[in-house]
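This report concerns only the one structure given below.
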Amino acid sequence: MNGLESIGTWPMWAGFVAFVVLMLAVDLFVFGGNKAHKVSVKEAAIWSLVWVSLAMLFNGGLWWYLNGTAGPEIANQKALEFFSGYLIEKTLSVDNVFVFLLIFTAFQVPAQYQRRVLIYGVLGAIIMRAVMIMAGAWVVSEFSWVLYLFGAFLLFTGIRMLIAADSEPDVANNPVLRFARRHLRVSEDDHGERFTVIKDGVRYVTPLFLVLILIEVTDVVFAVDSIPAIFAITTDPFIVFTSNMFAILGLRALYFLLVDVADRFHLLKYGLAMVLTFIGAKMLIMPWYHVPVEASLVVVAVLISASCLASIMITPRDKQ
């Protein structure tokens, strides 16, 4: 990553990674994130507020540190980049919520088991996204023209999402699921929250483990969209990593907060598709015009707010 300028020092990287590990440990072992538990809307709202507050406190601390070490201009720029990147990642993660809901519904996973699946899903997502971000940062530092490929890909993805916004993925015929069933011993019985069981001395995976595989694969698919999107805001690996991690850490709480009202925001997918289209176009026109971070922030906020408002005002076709 020698070709990319970053405000992140090794102590800052180590401190942030330690913070992520600590928060995951607190969730798992103090608040029982690894045990069956039905999450209420109130609990999800509290945790969502906690994660958003921690992200904003981190951004404030980053600004304060940079203001004293690098000057107010860099401090303001990096704080704005973090906030914009966090907003984009948080916004795009809403699409994950819709797919997670579809997967849990298709497998008829009880609400009290969904929390455990998602905590391990988040653990896997953190590891995979860290690898993808570092790989992406290295590629961008070595081959800067890759940013234009990212832009073309996001533009194509956004247009494809606009065209196919009303279609739902066929979870039952997912190729990953078919591959897993062919190569793993699957016990189709109900085994509660367990991922594996031993029957007659042989270890089997449970249907809940198949759900976890689909959750992990879903996050990888969405990361392919969201990680290039944040590189449109900043190429600083530390900002990309931290804003992405905060969005992932709050994903589980966001799911339980929106799961009961997901059908109300039936037009939100169009807003997300337009966000990707805008970001892709922004990256492609960089040689001729650099869209300010402030403008990107406003456009993303307007697109998402407008799609949410339109969802509330316009009744879905199947309910008319």
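Hey, does segment 178-187 have a residue that's at positive phi, open to solvent by less than 80 Å² (accessible area, probe 1.4 Å) and among the small types (G, A, S)? Walk me through how you get there before you give the answer.
Here is the first cut: in segment 178-187, the residues at positive phi are none.
So far as segment 178-187 goes, no, none of its residues is at positive phi, open to solvent by less than 80 Å² (accessible area, probe 1.4 Å) and among the small types (G, A, S).
Could you say whether any residue in segment 40-51 is at pLDDT 95 or above and either under 20 Å from the mean Cα position of the chain (by Cα) or not in a helix (DSSP H, G or I) (or both)?
no
Does R160 fit the bill of being within 26 Å of N244 (Cβ to Cβ) and outside any strand (DSSP E or B)? It would help to see each step written out before you state the result.
On the way: within 26 Å of N244 (Cβ to Cβ): yes; outside any strand (DSSP E or B): yes.
So R160 fits the description; yes.
Only one residue in A130, A223, A164 is among the hydrophobic types (A, V, I, L, M, F, W, C), out of contact with any Leu (no Cβ under 6 Å at 6 or more places or on another chain), free of Cβ contacts under 8 Å to residues at least 24 places away in the same chain and open to solvent by less than 60 Å² (accessible area, probe 1.4 Å), so which one is that?
On inspection, the qualifying residue turns out to be A164.
Within the bounds of segment 259-268, is there any residue that is open to solvent by 50 Å² or more (accessible area, probe 1.4 Å), closer than 20 Å to V122 by Cα and of a type in the set (V, I, T)?
Checked segment 259-268: no residue is open to solvent by 50 Å² or more (accessible area, probe 1.4 Å), closer than 20 Å to V122 by Cα and of a type in the set (V, I, T).
Could you run through segment 190-201 and say how many residues are open to solvent by 50 Å² or more (accessible area, probe 1.4 Å) and over 15 Å from Q112 (Cα atoms)?
4
Applying the selection to segment 59-83, what residues are free of Cβ contacts under 8 Å to residues at least 40 places away in the same chain, assigned to a helix (DSSP H, G or I) and not hydrophobic (A, V, I, L, M, F, W, C)?
N59, G60, G61, Y65, N67, G68, T69, P72, E73, N76
Specify which of the listed residues (I248, I279, I285) is open to solvent by less than 30 Å² (accessible area, probe 1.4 Å), closer than 19 Å to L155 by Cα and either touching a Cys at 6+ places or on another chain (Cβ under 9 Å) or of a type in the set (A, V, I, L, M, F, W, C) (or both).
Working: I248 fails: closer than 19 Å to L155 by Cα; I285 fails: open to solvent by less than 30 Å² (accessible area, probe 1.4 Å).
Only one candidate qualifies: I279.
Yes or no: S144 in contact with a Ser or Thr (Cβ under 9 Å, 6 or more places away or on another chain) and either farther than 16 Å from F241 by Cβ or not in a helix (DSSP H, G or I) (or both)? Please lay out each step first, then the result.
On the way: in contact with a Ser or Thr (Cβ under 9 Å, 6 or more places away or on another chain): yes; either farther than 16 Å from F241 by Cβ or not in a helix (DSSP H, G or I) (or both): yes.
Considered against the rule, which asks whether it is in contact with a Ser or Thr (Cβ under 9 Å, 6 or more places away or on another chain) and either farther than 16 Å from F241 by Cβ or not in a helix (DSSP H, G or I) (or both), S144 comes out as yes.
Name the single residue that is farthest from F222 (Cα to Cα) among those in segment 258-293 being among the charged types (D, E, K, R) and within 20 Å of the chain's Cα centre (by Cα).
Across segment 258-293, the extreme among qualifying residues is D260.
Kindly indicate whether any position in segment 220-230 is within 30 Å of W10 (Cα to Cα) and among the aromatic types (F, W, Y).
Yes, because at least one residue in segment 220-230 is within 30 Å of W10 (Cα to Cα) and among the aromatic types (F, W, Y).
The values are calculated or read from the model by the stated rules, or taken from the named source; none is laboratory data. Just so you know, these numbers come straight off a predicted model, no measurement behind them. Positions of Cβ are backbone-derived with ideal geometry, glycine not excepted, and every protein chain shown enters the neighbour counts. Areas reflect the complete protein model, heavy atoms only, side chains present, ligands, DNA and RNA absent. Shrake-Rupley method; radii C 1.70, N 1.55, O 1.52, S 1.80 Å.
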